[in-house]
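First comes the structure, then the notes that go with it.
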Amino acid sequence: MSAMTEMHSVPSSPPTASPRSSLPWHVARPLTRSRKDSGEAYTREGTVVAQITRLGGMTDAGRRSALTATYDGKDPLRPKEETLVYFVREYDRRGDKNAAWQLLETLVSRIPGHVGRELAKWRLPESEQNEC
């Protein structure tokens, strides 16, 4: 168990249903915010909606396994970051804090790769890369 999980572990208890969690897992909850510049509602990419639908149709154990598995970066089954964030929030809404933290750890583990790719685009000298 990682330090992050140990620090934020919540006693295991069955998730409780609330009016906010009454949607089936495979139905993507609508986004509620609007763009400040145009007032248009935010939308999800089609691939994110498809992932939410596919993962939501799995058993809980299968969904957790698929969301926290290690994938090759180009694997089409690799959940997108937005999909991970969606399920972090969904597990939290449904009262399963432990699952939400597991997904956050998965999300955080991807950050170094993103930062490294961005730094490579800047072509900084190695001494400056290390400062980032």
Checklist line | Qualifying positions in the stretch 102-114 - open to solvent by less than 70 Å² (accessible area, probe 1.4 Å) and part of a helix (DSSP H, G or I) | finding: 103, 104, 105, 106, 107, 113
Note to self: Can you pull out every residue in the stretch 61-90 that is modelled with pLDDT under 95 and more than 17 Å from residue 107 (Cβ to Cβ)?
What the structure shows: 72, 74, 76
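Residue-wise test of (1) more than 18 Å from residue 51 (Cα to Cα); (2) over 16 Å from the mean Cα position of the chain (by Cα); (3) not polar (S, T, N, Q).
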position: 90; (1), (2), (3): no, no, yes
position: 93; (1), (2), (3): yes, no, yes
position: 107; (1), (2), (3): no, no, yes
position: 112; (1), (2), (3): yes, no, yes
position: 118; (1), (2), (3): yes, yes, yes
position: 121; (1), (2), (3): yes, yes, yes
Checklist line | Any chance residue 37 is out of contact with any Ser or Thr (no Cβ under 8 Å at 6 or more places or on another chain) and exposed (fewer than 10 other Cβ atoms within 10 Å of the Cβ) | finding: yes
Notebook entry, point to check: Among the residues of the stretch 99-130, which ones are under 25 Å from residue 59 (Cα atoms) and hydrophobic (A, V, I, L, M, F, W, C)?
Noted result: 99, 100, 101, 103, 104, 107, 108
Next item on the list: Report yes if some residue within the stretch 56-73 is within 13 Å of residue 28 (Cβ to Cβ), surrounded by 13 or more Cβ atoms within 10 Å (Cβ to Cβ) and within 15 Å of the chain's Cα centre (by Cα); otherwise report no.
Entry: yes
Check: Looking at the stretch 40-52, which of the residues that are open to solvent by 60 Å² or more (accessible area, probe 1.4 Å) and of a type in the set (Val, Ile, Thr) is modelled with the lowest pLDDT?
Finding: 43
Item checked: Members of the stretch 115-132 that are over 30 Å from residue 32 (Cβ atoms) and either among the acidic types (Asp, Glu) or not in a helix (DSSP H, G or I) (or both) -> 123, 124, 125, 126, 128, 131, 132
Next item on the list: Determine whether residue 92 is assigned to a helix (DSSP H, G or I) and among the acidic types (Asp, Glu).
Entry: yes
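The values are calculated or read from the model by the stated rules, or taken from the named source; none is laboratory data. The structure presented is a predicted model; accordingly, all values stated were derived computationally and were not measured. Every residue, glycine among them, receives a Cβ derived from its backbone with ideal geometry; neighbour counts consider all protein chains shown. To get the accessible areas, we keep the full protein, side chains included, count just its heavy atoms, and leave off ligands, DNA and RNA. Shrake-Rupley method; radii C 1.70, N 1.55, O 1.52, S 1.80 Å.
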